[in-house]
Amino acid sequence: MKRSGASIVIEALCRNGVDTVFGYPGGAVLPIYDELYKNAHRIHHVLCAHEQNAAHAADGYARVTGRPGTVIATSGPGATNLVTGIANAYLDSVPLVAITGNVAVPLLGRDSFQEVDITSITRGIVKHNFSVGDVRELSGILDAAFRIALSGRPGPVLVDIPKSVQNDLCSEDEYTEQRLFSAPLPEPDLEEACRLIADSKRPLIYSGGGVVAAGASAELRALAKQIGAPVMFSMMGLTALPADEPLNLGMCGMHGTRSSAELFSECDLLIALGVRFSDRAAGNTVQYKEGKKIIHVDIDHAEINKNVTADVEVQGDVRKVLELLLQKLPRITRPEWEQRCAEAKKLDIHPREERLTPFSLLKTVAGYCTPDTVIATDVGQHQMWTMQYFPFQKNRTLLTSGGLGTMGFGMGAAIGGCIASGRKRTVLFTGDGSFGMSLQELATAVSQNLPLLIVIFNNGVLGMVRQWQTMFYEKHFSHTTLNRKTDFAALAKAFGAQGKKITSLAQLERALYAPAPDVPTVLDCQLDMDEFVLPMIPPGGSVKDLITRKG
Amino acid sequence: MESFTIELTVSNSCGVLNRITGIYAKGKHNIDALTVRPCSDPALSVMQIVSRGDETVQRMMVRQLRKLFDVKTAVLANDTTL
């Protein structure tokens, strides 16, 4: 039996376990959308308002499920609108398969209507991409795309399919295999790492997104306990241990906890697990190594010795490496160091606040969430406050744009995350700036009946940039005061959602515990424009430069 | 800055050179010389790329090139002349 390319796409999606796709139709994907119409019982298509947000939704879906998210867009503007979403997934190592249509093969390279060379455009922001030239390749390419997206260090893969290939017919015995090269992981040699850990007096674990991706929370906790080492996290790794674990120091880096900054400066061994020493997490990488040795474990060989030179490099799956370390290492107690950890953690205690502030807002909303509630954020001050104050309990409950820092990520991510969680109540913390970049997706949330709780940290300014302008640019508030007159509560209602303006904690409590309607709810929370995210280590600085107070 | 040559065996298909030069361009490493020639296996090509950089750069380039799914092998050649 001969199948069309479009039908081959649907078969490949189903074969690879896809039951939900996000997308937006258009001329160059009409054959695929016709097959989606016929296969609606097998694949649920979520129509978004903009392709960028469809990509973020697929990204959020992947972060919650651990399986590749899938997004479909048409050629030209549909494809270019995906670019930010693909880059976002790339920087955060999220498995994503993006399928784009393109003009028919004979029209390629002629600047045809809605033609762009999307494989060239995305080459620097994908793990791999394919331009399908022949329908016989299509099935093998799609299987390879899903395999690549998920294997090793996950990431986005784009498959560009010209419309003529979608229409071309082909039988299964004509399918060709893709020839791709990838080196197998070496057997990790842990002798030197074990020696350094045994010799260390003050070891500190720095855990990242790799530990979350590997699902290695239990092994991480076991290692921390076995060797008496506190754990600090990059933002991407934050959820690997519950917030209230005694050895959990919270997030490190520019807006990290004081305890992480202090213990980092005191440790004599840093055990880095699935991290890449990003400038936001590591700060000054020249002074970084002073007085300490570094063991760097990562599945991606190219990450080791990239930003910070390691004394011991271990390439491998972090979960497997942790399992081996647990077998090889004895129980080591370091009472003094653990005592110091407990003492340092007292520095992170935040006093209660009775007014509506970022802190009291987050604590109040947290009280209304369960350990499984999926939390999405946008980018800016509200994002950092969420990392600092929200008591995350489990992996795959935090959807945030780490590497790319994409304002506007949140709405799409919350939609994808909510669907992935089985349409449970999902919270989006956003700012009035970020929300403005993707609020049209309220339409999607309403048409999908998603119980999103959208909490806007509305301070009328682009707060993070304003904070930098206050601190480093003599309060020249260049284009960061929004001066908008948007009524978010009325806007929510216009989209068919619920909305409320919140000016006090009591009002917030009432809104949260009112019977939840089956529609998205926007809480427009009024906050002071001069709240700062603190503590802060200025860019390129170290713990000596830590700012803990305003002014 | 030290000149270094990386020898690669790569898939003989369109877009591969773009992917490889992209790795160099990303870190602002100029390519001083480049050869591509066919191989006994028609599905593969052999490349030699001359660039400049210290040991850290050289190691990073090799590791990043090896991540590409079109790259079968990438090794640092001792001989820095083509």
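Does any residue of the range A:344-360 turn out to be touching a strand residue (DSSP E or B) at 6+ places or on another chain (Cβ under 9 Å) and surrounded by fewer than 17 Cβ atoms within 10 Å (Cβ to Cβ)? Yes, the range A:344-360 contains at least one residue that is touching a strand residue (DSSP E or B) at 6+ places or on another chain (Cβ under 9 Å) and surrounded by fewer than 17 Cβ atoms within 10 Å (Cβ to Cβ).
Applying the criterion of at least 1 residues that are among the hydrophobic types (A, V, I, L, M, F, W, C), under 23 Å from A:Leu96 (Cα atoms) and touching a Lys or Arg at 6+ places or on another chain (Cβ under 8 Å) to the helices (runs of 4 or more DSSP H) found wholly in the range A:333-438 leaves A:409-420. Within the range A:104-159, restricting attention to residues that are more than 17 Å from B:Cys14 (Cβ to Cβ) and among the β-branched types (Val, Ile, Thr), the residue that is farthest from the chain's Cα centre (by Cα) is A:Val135. Set side by side, the residues A:Asp117, A:Asp134, A:Asp111, A:Asp59 differ, and just one is of a type in the set (D, E, K, R) and in contact (Cβ under 8 Å) with a residue 60 or more places away in the chain, which is A:Asp59. The residue list A:Val94, A:Val83 contains one member that is assigned to a loop (DSSP other than H, G, I, E, B), of a type in the set (Val, Ile, Thr) and under 20 Å from the mean Cα position of the chain (by Cα), which is A:Val94. Of all residues in the range B:42-82, those satisfying the criterion of being of a type in the set (Ser, Thr, Tyr) and either assigned to a strand (DSSP E or B) or under 12 Å from the mean Cα position of the chain (by Cα) (or both) are B:Ser45, B:Ser51, B:Thr73. The set of residues from the range B:42-82 being polar (S, T, N, Q) and away from chain A (no Cβ under 12 Å) comprises B:Ser45, B:Gln48, B:Ser51, B:Asn78, B:Thr80, B:Thr81. Can A:Val533 be described as among the β-branched types (Val, Ile, Thr), under 19 Å from A:Asp279 (Cβ atoms) and outside any strand (DSSP E or B)? In short, yes. Exactly one residue out of A:Ile141, A:Ile205 is assigned to a helix (DSSP H, G or I) and not basic (Lys, Arg), and it is A:Ile141.
Candidates in the range A:501-530 are the residues that are among the charged types (D, E, K, R) and in a loop (DSSP other than H, G, I, E, B); of these, the one that is surrounded by the fewest Cβ atoms within 10 Å (Cβ to Cβ) is A:Asp518.
Restricting attention to the range A:96-107, does a residue exist that is within 13 Å of another protein chain (Cβ to nearest Cβ), at pLDDT 95 or above and closer than 26 Å to B:Lys67 by Cα? Looking for residues that are within 13 Å of another protein chain (Cβ to nearest Cβ), at pLDDT 95 or above and closer than 26 Å to B:Lys67 by Cα, one finds none in the range A:96-107, hence no. Among residues that are surrounded by fewer than 18 Cβ atoms within 10 Å (Cβ to Cβ), among the β-branched types (Val, Ile, Thr), in contact with a Ser or Thr (Cβ under 9 Å, 6 or more places away or on another chain) and more than 19 Å from A:Met236 (Cα to Cα), A:Thr333 is not included. For the range B:9-27, the criterion of being touching a Lys or Arg at 6+ places or on another chain (Cβ under 8 Å), crowded, with 19+ Cβ neighbours inside 10 Å and outside any strand (DSSP E or B) is met by at least one residue.
The values are calculated or read from the model by the stated rules, or taken from the named source; none is laboratory data. Note that the structure is predicted; figures quoted are calculated from it, not measured. Glycine also receives a Cβ, built like all others from the backbone with ideal geometry; neighbour counts cover every protein chain displayed.
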